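**Q** Okay, here's the structure, questions in a sec.
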Amino acid sequence: MSQTFVIADIHGCKSSLSALFDKISPDLARDNIIFLGDYIDRGPYSRQVVDKIISLKSQSMRVISLMGNHEQMLLDFLDGRGNGSYLRYGGLETIRSYGYEEEKGCQIPPKHQHFF
């Protein structure tokens, strides 16, 4: 019997995501996992959370990820369309997780850019 797990608002908290997966122990061949967005910001491990979700998606077509408002704010920020509030809503933690440097900016890998 398959199950459906719906997960939202991870916000860069890698340890919480790991603890949740330990608890629910999804079967990637059978169960559906739906991520509702807000993978990034606030917590210090946004990049690692996105790595985990990308890895899960590569293992199973039953893993679905939707874009949340924090992912949209990141895209707007990177395109210069943000109003500056992104960093106040946890974006600073996200760009730091990607190795932000004043001279180079935020170096988001192509695989992550495609994911967003």
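**Q** Can you tell me the length gained on complete extension of the stretch PHE21 to SER85, counting 0.36 nm per residue apart and subtracting the Cα distance? Could you put the intermediate results ahead of the total?
**A** Numbers: separation 64, 0.36 × 64 = 23.04 nm, distance 3.19 nm.
Contour length minus the Cα-Cα distance gives 19.9 nm.
**Q** Sticking with this structure for a sec: Rounded to the nearest 5, what % of DSSP beta bridges with both residues in the chain are antiparallel? Mind showing how you got there, number by number?
**A** Details: 1 of 8 bridges.
That works out to approximately 10 percent antiparallel.
**Q** Give me, ordered by chain and number, the residues 5 or more places off ASN32 or on other chains with an amide H under 5 Å from its own placed amide H.
**A** GLN3, THR4, PHE5
**Q** For the chain, give the percent of accessible area contributed by carbon and sulfur heavy atoms, probe 1.4 Å, rounded to a whole number. Don't skip to the answer; put the middle values down first.
**A** Numbers: 3440 of 6830 Å².
That fraction is 50 percent.
**Q** When ligands, DNA and RNA are left out and all protein chains stay put, how many square angstrom of accessible area per residue does region 14-73 have with a 1.4 Å probe? Don't skip to the end; give the middle numbers.
**A** Working: 3160 Å² over 60 residues.
Averaged over the residues of region 14-73, the accessible area is 53 Å².
**Q** Take the eigenvalues of the Cα gyration tensor for the chain, scale each by 5, and report the square roots as semi-axes in whole Å, largest first. Intermediate results must be reported in sequence, preceding the final value.
**A** On the way: eigenvalues 147, 34, 31 Å².
Equivalent-ellipsoid dimensions as semi-axes: 27, 13, 13 Å.
**Q** Could the peptides 62-71, 76-85 be put in order, highest first, of the mean number of other beta-carbon atoms found within 10 Å of their residues? Provide the component values of the computation, followed by the final result.
**A** Working: 62-71: 17.5, 76-85: 11.7.
Averaged packing, sorted descending, gives the order 62-71, 76-85.
**Q** So, by mean Cβ neighbours within 10 angstrom, what's the order for 38-49, 90-101, 16-27 with the highest one leading? Mind showing how you got there, number by number?
**A** Values: 38-49: 22.2, 90-101: 18.0, 16-27: 12.9.
Top of the packing list down: 38-49, 90-101, 16-27.
The values are calculated or read from the model by the stated rules, or taken from the named source; none is laboratory data. A quick note: this is a predicted structure, and the numbers were derived from the prediction, not measured. When we count neighbours, we look across all protein chains shown, and the Cβ atoms used for this are built from the backbone with ideal geometry, even at glycine. Side chains are part of the model used for accessible areas, which takes the heavy atoms of the whole protein and leaves out ligands, DNA and RNA. Shrake-Rupley method; radii C 1.70, N 1.55, O 1.52, S 1.80 Å.
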